[in-house]
Amino acid sequence: MSRIRNAAAALALAMAALCGPQARAETTLTVHYPMPGFFKAVMDTVAAKFMAENPDVKIAFATPSPTYEDGLQLILREAGTADLPDVSFVGLNRLRILSERNIVADLQPLIAQEGDMEKLGFTDHILSLARWGGRQAGLAFATSNPIMYMNADLVRKAGGDPDHPPKTWDEVIALGGRIKALGDGDAGIDFRWQGDDWMFSALLFGDGGTMLSPDEKTVTFDGPAGQAAFALVGRMVKEGGMPAFTKPAGEQAFVAGKVGLEFQTTGALRNTIDNVGRKFELRTAPIPLLDPKDGRLPTGGNAVVILTKDPAKRDAAWRFAKFAAGPYGASVVVPGTGYVPNNALAATSPQYLGDFYATHPLYRAGLDQMDRMIPWYSFPGANSVRVTQAIVDNLSRVVEGTATPDAAVKDTAAEVQKLLPRR
Amino acid sequence: MAEALRSAARAPGRPSGARRPAPRPAAGGALPLSAPALVLLLLFVILPTLAVFGLSLTDYQLGDDALVFVGLDNYRDLLGDAGFRGSLRNTMVYAALVTPASVLIGLGLALLIEAETRGRALFRTLFFLPVVSLIVAMATVWQYLLHPTIGPVDQLLRLVGLPGPNWLGSSDTVLASLALIGVWQSVGYNMVLFLAGLTAIPRDLYAAAAVDGAASGWQRFRLVTWPMLGPTTLFVVTISIINAVKVFETVQTLTEGGPNRASEVLLFTIYREGFVYLRVGAASAMTVVFLLLLVGLMLLQYRIQDRRTHYA
């Protein structure tokens, strides 16, 4: 499909080049992106604006991939063939695979050439989200952190005060238990532990824990922080009224008004607002941290990467990457999705999003947590995705009550240790 | 027609001059005529299968530019892989639930529809609808129906005071829930096949059976319908098993193999190994095993059933 479309686009371009009155050199960039449900409108807007400002570059979109994983597969399949897109957007936790396989361009030299990236709103902190071992694999495009979504009506019914949301996990669990006790099939908590290790790392990093030792050879998430994280998931089920939802079931139950407190990415905010509509009053708040002082949160989202090896195209691709990840791109992404701004300039300048947050309080929860964001940990070596699944599988044992949190964390550590590269 | 030709050939005393040259075996013509099909078969079926077998002997990972020949290591790993064994077991349980149910219900519906002339087309269409609907879209509907808090099924159960099971969310019920969807999806297809088989049974056999004293419906079914449906049943059972073993879409859309791998089936494991974990070598080994299993199952089944099937 994309091949046909690319071929058609190339043909059309060739015709245009042959017949056009002025033979101006024009570069066409093939751009690929994931999750069209979130990003299609955003991408169209950004590309149109970019082409208006850069008339010598044309943006042609490849068929988007439904998820980050599908996008990664497409790139890996087409790497080294003529079909490989010139620019893509890759999930932050999958960037390392492409970087280790040398498929994405190292942006370090381009950044050095640019000089002052800070002036464009790219602080070193923001750049570090897409950096692995000295290589700049991409520029963070859409970034998110986990927040708490509240059904204010249920919270009030259970005797809580939505203006003073729970600040600690103990308060969350107590409130969740009271919401479940209302009966009527209401659930207290929905914590998005399914799918990948992102929300687990929110609990782990929130207690100051780490996944692996600094040399990346030994599992460290079975330490006190990881044990506390697993125990907390167990308590959510036993005391906080969290059912064993599948991922879509949890989301649907929340927007249907049957869940009191939901914990997931702020990137889902726009969709949640649209789906809840007027069914109940939706509120958001920062996610509690086991260690309120030194706790950190993982950064979800994706980064724009350059795949083309052609020098002329690379220049155009760099311009597009800077533009998309720059302040204008962020000012389109944030209201359109709920992601937090990945650009310091965009967040503060009234020209971009300075005024947006004053009028859209639901979006503040993610913004207020921005200084806690650290990279979404990506495991080294060939088994990195399998490691993620091992964590999810063991969490589901805790949620189903077939293993104690202590046993589950031990099993996870043993499984993951075996999957790490033996060097 | 064939009879006429044969008797014409046997007819004696024909003038030899009128005899046409005897048809020679068209040995030279067969190959060019079947070549297009053979080339396509080679290109799109045989070569890819061989390629999968070749890859299964390597450690190839998607996106890597190098691969190493590892012999039978991937197969040896499979033997000790609890995940693969679990997924094999899940697939068998699923097939064992779906195949008999969808074949028997399909047969029952076909008999009921065949027996009554009113509304025949309507019921045929209604029961066939799940087959033509897009299963990924319908999976979403099932997901809502079986939802533990807002799903109508559990709400009805709560109304009568029964605790609704957490259909797709609990590892105890998830396979049965998926099997339920699988049966719903394939019953219509089996029904249509059985209907076709039923119309092919000559009416006079029933008349003959009646003369011989087969009075009850059950006797008619046992003595005429069931034996005459033999070839159809063989085909339906075969295709049902293949389809059940190939289950993927509902697992991918509804459970992603969870909770805790309780609904991981073979195709899903292969997909995950190859395209999510990127370990193409290991996934190819699984594919080869899957293929062998399927072929073995079919051969066995044909051996057993073919002997007892009466072809009219």
Sorted from largest down, give the three principal axis spans of the alpha carbons of segment A:110-231, whole angstrom values.
-> 61, 37, 23
Which whole-angstrom value gives the distance between the alpha carbon centres of segment A:200-219 and segment B:140-181?
-> 37 Å
Taking a threshold of 26 Å on the Cα-Cα distance, which of the pairs A:Lys119/A:Lys293; A:Lys49/A:Lys279; A:Lys247/B:Lys246 fall above it?
-> A:Lys119/A:Lys293; A:Lys49/A:Lys279
Name the lysines eligible as straight-distance cross-link partners of A:Lys313: C-alpha to C-alpha under 16 Å, and not fewer than 8 places from it in the same chain.
-> A:Lys58, A:Lys322
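For every helix of n ≥ 4 consecutive DSSP H residues, a contribution of -39,500 (n - 2.57) applies; sum these over chain B, divide by its total residues, and give [θ] at 222 nm rounded to the nearest 500 deg cm²/dmol.
Values: 14 runs with 197 residues, N = 312.
That calculation yields -20500 deg cm²/dmol at 222 nm.
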Taking every residue in A:243-256, how many Cβ atoms of other protein chains lie within 10 Å of its Cβ, on average?
-> 6
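Would you mind estimating how fast segment B:91-280 diffuses translationally, via Stokes-Einstein at 10 °C and 1.306 mPa s with the Kirkwood radius over Cα pairs, in µm²/s?
Here the translational diffusion coefficient equals 85 µm²/s.
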Mind giving me the FRET efficiency for A:Gln417 and B:Ala115? R0 is 56 Å, r the Cβ-Cβ distance, nearest 0.05 is fine.
-> 0.30
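How much net charge surrounds A:Leu289 when only the other residues with a Cβ under 15 Å from the Cβ of A:Leu289 are counted, with Lys and Arg +1 and Asp and Glu -1?
With Lys, Arg at +1 and Asp, Glu at -1, the neighbours total -3.
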Cα-based Rg (one decimal) and Dmax (whole number) for chain A, in Å?
-> 22.4, 74
Which residues qualify? For A:Ala187, with a placed amide H closer than 5 Å and at least 5 residues away or on another chain, they are A:Val259, A:Gly260
Find which of A:Val237, A:Pro298, A:Gly250 sits farthest along the positive direction of the dipole of segment A:216-298, computed with +1 on the beta-carbon of Lys and Arg, -1 on that of Asp and Glu, about the Cα centre.
-> A:Gly250
Relative to the Cα centre, what is the charge dipole magnitude of chain A, using +1 at the beta carbon of each Lys and Arg, -1 at the beta carbon of each Asp and Glu, and rounding to the nearest 20 debye?
-> 640 debye
Calculate the dipole size of segment B:91-280 relative to its Cα centre from +1 charges on Lys and Arg beta carbons and -1 charges on Asp and Glu beta carbons; express the result in debye to the nearest 20.
-> 180 debye
Which residue, chosen from B:Gly296, B:Gly274, B:Ser284, occupies the Cα position most advanced towards the positive end of the dipole of segment B:260-312, where the dipole is computed from +1 (Lys, Arg) and -1 (Asp, Glu) charges on Cβ about the Cα centre?
-> B:Gly296
Counting only residues 5 or more apart in sequence or on a different chain, those whose built amide H sits under 5 Å from that of A:Leu29 are A:Lys58, A:Ile59, A:Ala60
With Cα springs under 10 Å, the Gaussian network model of chain B assigns the largest mean-square fluctuation among B:Leu294, B:Leu72, B:Leu146 to B:Leu72
Could you work out the relative contact order of chain B, using alpha carbon pairs under 8 angstrom and six or more residues apart, expressed as a whole percent?
-> 26 percent
Hey, what's the Kirkwood Rh for segment A:108-182 if you take every pair of different alpha carbons, in angstrom?
-> 16.1 Å
When ranked by the protection proxy of mean other Cβ atoms within 10 Å per residue, highest first, what sequence do the peptides A:246-257, B:226-237 form?
-> A:246-257, B:226-237
When the protein assembly as shown is reduced to its Cα atoms, the Kirkwood hydrodynamic radius in Å = 29.6 Å
Roughly how many Å is it from the Cα centre of segment A:94-131 to that of segment A:321-399, as a whole number?
-> 17 Å
Could you let me know the centre-to-centre spacing of segment A:142-160 and segment A:43-73, using Cα atoms, in angstrom?
-> 34 Å
Which length gain, in nm to one decimal place, applies between A:Gln108 and A:Ala52 when the Cα-Cα distance is subtracted from 0.36 nm times their residue separation?
-> 17.4 nm
The exposure ranking of A:Ser128, B:Ser171, A:Ser213, fewest beta-carbon neighbours within 10 Å first, is A:Ser213, A:Ser128, B:Ser171
Count the net charge of all other residues whose Cβ sits under 15 Å from the Cβ of B:Leu193, scoring Lys and Arg as +1 and Asp and Glu as -1.
-> 0
From other protein chains only, count the Cβ atoms within 10 Å of every residue's Cβ in B:140-146, then give the mean.
-> 2
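What does the extension gain come out to for B:Ala196 and B:Gln305, with contour length at 0.36 nm per residue minus their alpha carbon separation?
Between B:Ala196 and B:Gln305, full extension yields 37.2 nm more.
May I ask for the net charge around B:Arg89, where only other residues with Cβ less than 12 Å from the Cβ of B:Arg89 are counted and Lys, Arg are +1 while Asp, Glu are -1?
Working: positive: B:Arg85, B:Arg261; negative: B:Glu264.
Value of the local net charge: +1.
The numbers here are math on the coordinates, done by the rules we state, and not lab data. Because the structure is predicted, anything quoted here is derived from the model rather than measured. In this analysis, Cβ positions are derived from the backbone assuming ideal geometry, glycine residues included, and neighbour counts consider all displayed protein chains.
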